[in-house]
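The values are calculated or read from the model by the stated rules, or taken from the named source; none is laboratory data. Nothing here was measured: the structure is a model prediction, and the numbers come from that model. All Cβ positions, even for glycine, are placed from backbone atoms using ideal geometry, and neighbour counts span all protein chains on display.
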Amino acid sequence: MTKVAFVTGGTRGIGRAITERLKADGFAVAAGYSGNEAAAKACADEIGTMVVKGNVGSFEDCARAAKEVEAELGPIDVLVNNAGITRDAVFHRMTPEQWSEVISVNMNSAFNMTRQVIDGMRERNWGRIINISSINGQKGQMGQTNYSAAKAGLIGFTKALAQENAKKGITVNAIAPGYIDTEMVQAVPEAVLAGIISAIPVGRLGRADEIAAGVAFLARDDAGFITGATLTMNGGQYITT
């Protein structure tokens, strides 16, 4: 039977690349989005995937989204928690809203969405949960205490959930991308971006399709012995043991 994958934030940037790769690999794919209707329509038309609108920071929206996907495609076998935003500011100037919004979308969403699918995965004794963290969740980044905290939290979430579900045939892993050539990174001032690239040993930004390849690998049947891991994909910019 065709396996079903759901990618949050799956119509733009890294998320769209993941959606496209999983579709090419034979999954029935649904892509979540929050508001960009043009990007969602393009994703549906060009890739041929289901798109589902909602706020991943809302438990109720996630419950509705999961039900819509299951009604159209079937039970969700692979969940990619990819949705993320930035609201950058140095901490002593950060507002409660900037903190709360990033934590809600980048961290709470992992609970909200995973909670909808975990019971079904346990019943079927198979599942893949892949959380998209960040290099800045590993090393921290000035001006991003909110983002770094959320992305670091995803790594802890991954490790704990992996232990709880390993005997049920469910793997839980994280990918920590470095700086990837997406709209978010392209919005960085040119001089700042040049400095970032100079600090990457491979000498370039990463590509969204490279991150998607990592997701595709972790989603495979034969990746079943890999769980609780964080796959670092940053061109050597931050090397962990």
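Computed quantities for the displayed model
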| item | result |
| --- | --- |
| Search result, residues across region 53-86 that are farther than 30 Å from residue 169 by Cβ and without any contact (Cβ under 8 Å) to a residue 60 or more places away in the chain | 53, 55, 85 |
| Residue 124 buried (at least 19 other Cβ atoms within 10 Å of the Cβ), over 30 Å from residue 92 (Cα atoms) and either among the charged types (D, E, K, R) or in contact with a His (Cβ under 7 Å, 6 or more places away or on another chain) (or both) | no |
| Flag for residue 118 being of a type outside the set (Gly, Ala, Ser), under 13 Å from the mean Cα position of the chain (by Cα), buried (at least 16 other Cβ atoms within 10 Å of the Cβ) and outside any loop (DSSP other than H, G, I, E, B) | no |
| So residue 46, is it within 18 Å of residue 212 (Cα to Cα), surrounded by fewer than 21 Cβ atoms within 10 Å (Cβ to Cβ) and without any contact (Cβ under 8 Å) to a residue 60 or more places away in the chain | yes |
| Considering residues of region 1-29 that are over 18 Å from residue 222 (Cα atoms) and of a type in the set (S, T, N, Q) only, the residue surrounded by the fewest Cβ atoms within 10 Å (Cβ to Cβ) | 11 |
| Selection status of residue 216, within 18 Å of residue 5 (Cα to Cα) and touching an Asp or Glu at 6+ places or on another chain (Cβ under 7 Å) | yes |
| Residues being of a type in the set (Val, Ile, Thr) and out of contact with any Phe, Trp or Tyr (no Cβ under 9 Å at 6 or more places or on another chain) - total across region 190-241 | 9 |
| Some residue of region 86-101 being closer than 30 Å to residue 164 by Cα, modelled with pLDDT of 95 or more and of a type in the set (Val, Ile, Thr) | no |
| Sole exception among (1) out of contact with any Ser or Thr (no Cβ under 9 Å at 6 or more places or on another chain); (2) not in a helix (DSSP H, G or I) for residue 89, by number | (1) |
